[in-house]
1. So which pairs qualify, if the first residue must be in the range 435-454 and farther than 20 Å from residue 389 by Cα and outside any strand (DSSP E or B), the second must be hydroxyl-bearing (Ser, Thr, Tyr) and open to solvent by 60 Å² or more (accessible area, probe 1.4 Å), the Cβ gap must be under 9 Å, and the two must be at least 6 apart or on different chains?
2. Condition first: in a loop (DSSP other than H, G, I, E, B) and exposed (fewer than 14 other Cβ atoms within 10 Å of the Cβ). Now tell me which residues in the range 68-77 satisfy that.
3. Looking at the range 6-60, which of its residues are outside any loop (DSSP other than H, G, I, E, B) and of a type in the set (Gly, Ala, Ser)?
4. Looking only at the range 204-228, how many residues end up being over 15 Å from residue 83 (Cα atoms) and buried (at least 24 other Cβ atoms within 10 Å of the Cβ)?
5. Which condition number does residue 103 fail, the rest of (1) open to solvent by less than 20 Å² (accessible area, probe 1.4 Å); (2) modelled with pLDDT under 95; (3) more than 17 Å from residue 215 (Cβ to Cβ) being met?
6. Within the range 152-230, considering only strands (runs of 3 or more DSSP E) that don't extend past its boundaries, which have at least 3 residues that are of a type in the set (S, T, N, Q)?
7. Let me confirm something: among 278, 295, which residue is modelled with pLDDT of 85 or more, under 30 Å from residue 480 (Cα atoms) and part of a loop (DSSP other than H, G, I, E, B)?
8. Quick check on the range 18-58: of everything there that is among the acidic types (Asp, Glu) and open to solvent by 10 Å² or more (accessible area, probe 1.4 Å), which residue is nearest to residue 109 (Cα to Cα)?
Amino acid sequence: PGAPRCGASLHDPNEALRIELNANARCTWQIQRNANQTIRLIVSYFKFAPSSSCETESIKVFDGPSTNSPLLGQVCNSTDAVPVLESSSDSLTFAITTNSVDFTRNFFVSYYFFSPESKTEDCGGQLTGPNGTFSSPNYPAPYPAFTYCVWHIQTPKNSKISLQFQDFFLELDRNCQLDFTAVYDGPTTTTGLLGKVCGRAQPTFESSSNVMTVVLATDYSSSYRGFSAQYSSVPLPGPVEPDTFLTCSSDSMQIVLSKPYLASLGYNEAHLQLNDPSCKPVITDLVTFSFPLTSCGTIKKEEGQSITYTNTISLLSTGNVITRQKNTEIIVKCKMENNSTFEVFYLTRDNVIQNITAMGRYNVSMSFYDSDSFSEPIHQSPYYVDLNQTLFAQVSLHSSDPNLLVFVDTCTASPQPHFGSLTYDLIKSGCNKDDTVVTYPPLEHHGRFKFNAFRFLRSSPSVYLQCDIVICDSNNSNSRCTQGCISRHKRAISPHTWKTNTVVGPIRLKRDLSSAHHSESLTKADAEATPNLQQYNFCTVAFVGLISNILIVAGVILKHHKHRAGYSYQKIQSS
């Protein structure tokens, strides 16, 4: 332990740094070692000030001994990934800058040196075909230290990928900072993070297209057996233009256009623009526009049971006085649909306007918090509580669109994970059914409520929660999110209800903790049902009227793991 430091010169073969910074920080860390090795830097956790921009707060990583070296990458609030950067030599520098907002920022940054010839570890690679399996190195034996594996999965065109981890056991720590698996919706590890998982779990993920990327990263200690996973392709209906498609996620829109398709419209790929001409495509064998949902001049519109995000691709003005070319436009539209379990795309054509439409879905997670400030989520699983203790729950929407409200419509408790005949309503149709329930006003991207802990008589000690969530446009003053409690006879039930489950629990009374004998392991039955609270538990919901289930399922985890309590700046030496 020592006084907090802002920056340092680092020379050890590997280190892990917990960094805590306040406002107006300008800190630089230089990593250098005289060895014919390169450096892998992993930013496995970052928490900037809320609503900060990349211009005012960021981590910048440079490929060399100073901030004058070439920029390798930048991490900021909008980074939708677990950044992993590699130097080209034996030196690397990263600098953290914070703005003037009074807020405590937290970061977990680790690095290690490795030989360039061993850069391609004996894991990862390309996985193709309609289905397949893969596992961590040495599975079911413990995985090696300093493992970094990347699997690129690609299934046939016109399909998406369903990924299931049949067995999963990584080191558990808060925020999955040490050993973790990250899953990405797309071909890269720089954006489209679907989730980050550690501990003991059986997570599942689903891509929006036929490409998915999976990463395994480990540190130097506490290796476990890793994971075994399988993937399969799920068909996407609809006629498709070859190599031309639109992908919609909770955060962004990606438009991929083939050059033959553009040529058929008389377009030159170098002369394309969106509604905002400053948004340029990346041109390779394909022409790709990729941007946040609410940027680049995108127009948002509420259309009944859905919300659409629309942009237009057109030709840049050439300055000519006349033209004999058709005034053709390509209209791209992301439709956040509430009555489809598929993310599909299709194309329709006419003489003047080309339409490309894709279905999209919003990503939602649910967590318990330690107080009504909703600043510190509960990570342990199961969540042991006292009888009648006040529990704070928050549903969070992960989207780049800031003008969205989250409304908790219904929450039901049950002692059974499959919600049989014995249930108890906490909230129904926005109305509090339990005397201890307090719901908070809908917020942009957050729905919150609290209630007092209880148990079911003559039944299992576990309590499971299943919540129905509605997402609305915050600019619509008459949406379901603003109506509050609606009695059954007044409620208009939407025929478009799309449901899914995600795991974020369970709740158990503290008096049941002693009966577990403080076991270091899980029972097999509970292990199969136990997720890891460190996981980003993504489910998908669509817009107004869409209700999505978030299920808190039980299990028992009594794994005593190493607690790395850090002060403002802490080095973790290799053992």
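1. 442/482
2. 68, 70
3. Matches in the range 6-60: 8, 9, 16, 44, 58.
4. 6
5. (1)
6. 159-169
7. 295
8. 20
The values are calculated or read from the model by the stated rules, or taken from the named source; none is laboratory data. Please read these numbers as outputs of a predicted model, since none were measured by experiment. For neighbour counting, all protein chains shown are included, and Cβ atoms are generated from backbone atoms with ideal geometry for every residue, glycine included. These accessible areas exclude ligands, DNA and RNA; they are computed on the full protein's heavy atoms, side chains included. Shrake-Rupley method; radii C 1.70, N 1.55, O 1.52, S 1.80 Å.
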